[in-house]
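Written out below as structure tokens is the structure these notes cover.
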Amino acid sequence: MNIFSFSRPLFVCAMLSWVLMSGVAVFADPPGREVMNLDGAWSFQLDPGGLGEKEQWFLPGHTFQDTIQVPGAWDAQGFGEETDKLHHNYIGKGWYRKTLNLPTPWQGHPLALCFGGVYRSASVWVNGKEVGAHIGYASNFELDLTDAAKGNGTLDIVVQVDSEQRWEEDALQGCMDIIDGMYTSWGGIWSHVSLESRPSAHLRDLYIAPRTSPAGCTMSASVQGDTGRVARVRAEVMDAKGQVVVAKEQPLEKDGGIAVALDIPKARLWTPETPYLYTARLTLLAGTKAAIDEIKDRFGVRSIEVRGTDFYVNGSKYYLNGYGDDCVYPDTIAPPPDKQFYVDRLRVAKSYGFNYVRHHSHFVAPEYYEACDEVGMFVSPELQIGYPIFYTRALKSAPAMTLYRNEWTALLKRYRNHASIFDWCMCNEVWEGMTELAPDLYKIAKELDPTRPVIDSDGLFMPGFIDGTKDRPTLDFFTVMFDIVTSPIDNPTKFNTGKPLKPIVTHEEGNFVHF
């Protein structure tokens with residue numbers, strides 16, 4: 001398995017041309033974007049003594065002694081000492097460097113340095129000047145390099161990654177952190193890195209909200225930069241063969257926002273059994289025809305509803321036949337950014353009859369959700385709050401609570417176009433709910449994506465929820481921990497005390513129900 005293979009992001013349009021510069025591929029992305037792929041070999045050096053900033057390793061000319069592949073965990077690539085749990089493990093700071101030539105046409109255009117994910121935090125310098133920092137290992141982020149690149153044909157990019165957890169501002173802790181017995185950590189740039197040249201007016205945050213009655217979608221986005229150049233916006237939906245099935249143009253709204261509703265004739269609906277995908281494309285237009293920028297993503301036409309004690313998908317009652325995934329990747333440690341890897345795994349799961357997978361306290365690589373969309377597998381991802389002990393610790397720190405909100409927001413924006421995501425879950429087994437946080441997260445989810453159920457915890461104690469006497473406004477359905485000693489089959493009368501108020505999904509003891 002090649003753990004460094006990857007799928008290109010869907011906002012990158014058809015490749016028109018490419019050239020190699022300093023070992024870096026540059027992909028033309030019409031009409032106004034270009035993307036430089038920065039994956040591959042980077043210069044690298046561990047910093048166990050924490051000397052890098054004091055000795056100014058970020059200045060051009062400082063040489064790093066090793067080479068590392070991006071993306072990937074540094075532990076899985078042989079960096080660090082052997083422990084009783086890992087062949088190689090290092091917790092602390094590691095420094096990455098890549099120097100590249102900036103294409104002449106890019107100079108003077110808005111530039112963004114984009115990271116798919118860094119574990120756990122990062123500080124970034126370009127040509128010796130700090131351009132930004134990020135904390136929150138589950139989210140992607142980008143830094144504006146427009147000013148840093150002015151007057152420079154060469155960019156010297158240095159990234160300091162710190163894998164040590166600072167609990168006062170970062171209380172994220174879930175299965176991606178290798179909990180449950182292992183309780184160890186790792187480090188590195190675990191997802192893709194790219195440099196983008198963008199037009200002076202460009203699109204951001206494409207959201208595709210599907211509907212089934214009538215079948216169609218609403219595309220929304222925002223425009224950044226010089227909106228005075230933009231006169232109109234064109235929205236298109238293409239089928240799986242790339243043929244446009246519906247298109248619509250309208251003037252740009254005065255505030256720079258975009259919302260375009262389209263009906264899709266004879267739409268094919270997405271389900272795990274029929275995972276049909278469309279592509280939505282938005283284009284900014286100067287005048288009537290000249291294209292300034294475009295952005296696109298795949299989506300499925302489908303609806304998920306809670307009606308009484310049942311789930312309905314596309315208007316029909318639906319039974320979730322699911323299993324659990326605890327983010328276990330012994331070869332790579334970090335979730336590999338390899339769609340085919342997940343396609344192969346999910347096909348095995350589907351062969352056993354599963355149509356749903358629950359991710360214990362983690363979001364993974366975008367390639368996972370792309371695979372779920374294609375193969376047909378509902379998935380329930382969770383914010384990285386693995387147990388009440390972590391949440392309780394975060395309650396003592398306002399920055400840690402702020403990071404929970406920020407990561408939740410960023411993750412929903414990143415993944416909400418995926419048809420396969422069944423619900424948004426806030427944590428694992430905080431049985432009585434996160435009363436200080438859950439109302440905020442629930443509101444954020446319903447504002448950013450009203451098309452899915454939301455739950456404040458996967459894992460609830462059975463009394464009350466199973467007999468219809470207990471509920472919470474931040475639970476659209478119940479994930480109940482059945483008695484692992486007495487199953488419903490062994491003692492069915494125990495569960496005949498009343499009717500639940502909402503659908504029940506079994507939590508980690510589902511085998512008792514399936515038998």
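The values are calculated or read from the model by the stated rules, or taken from the named source; none is laboratory data. Predicted model only: the values in this text are computed from it and were never measured. Note that we place each Cβ from the backbone using ideal geometry, even for glycine, and neighbour counts take in every protein chain shown. Accessible surface is based on the protein model in full, side chains and every heavy atom, while ligands, DNA and RNA are left aside. Shrake-Rupley method; radii C 1.70, N 1.55, O 1.52, S 1.80 Å.
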Residue-span extension gain [V245 to D344] - 0.36 nm each, minus C-alpha spacing: 32.6 nm
The range 71-199: C-alpha gyration tensor shape, a/c 1.5 cut-off, then a/b vs b/c: prolate
Two-site label geometry, T309 and D144: point separation in nm, points 7 Å out along Cα→Cβ: 5.5
Over the chain: helical MRE at 222 nm, DSSP H runs n ≥ 4 each giving -39500 (n - 2.57), nearest 500: -3500 deg cm²/dmol
The chain, accessible surface, carbon-and-sulfur percent (1.4 angstrom probe): 52
With DNA, RNA and ligands ignored, accessible area of L269 (1.4 Å probe; Å², nearest 10): 60
Size-normalised alpha-carbon gyration radius of the range 209-308, reference 2.2 N^0.38 Å: 1.17
Cβ-defined net charge surrounding G132, 12 Å radius [Lys, Arg +1; Asp, Glu -1]: -3
Under the Karplus curve 6.51 cos²θ - 1.76 cosθ + 1.60, θ = phi - 60°, whole-Hz ³J(HN,Hα) for the range 459-467, x wherever Gly or Pro sits: x, 10, 5, 4, x, x, 6, 7, 10
Cα gyration tensor shape for the chain, rounded if a/c is under 1.5, else prolate or oblate: oblate
Accessible surface, the chain, averaged per residue in Å² (probe 1.4 Å): 41
Total formal charge among the other residues, if their Cβ is under 13 angstrom from that of D310, Lys/Arg +1 and Asp/Glu -1: +2
Total formal charge among the other residues, if their Cβ is under 13 angstrom from that of G216, Lys/Arg +1 and Asp/Glu -1: +3
Over the chain, relative contact order from alpha-carbon pairs under 8 Å, at least 6 apart, %: 13
Set of the range 153-185 residues, backbone N closer than 16 Å to the point 7 Å along the Cα-Cβ line of E436: 167-173
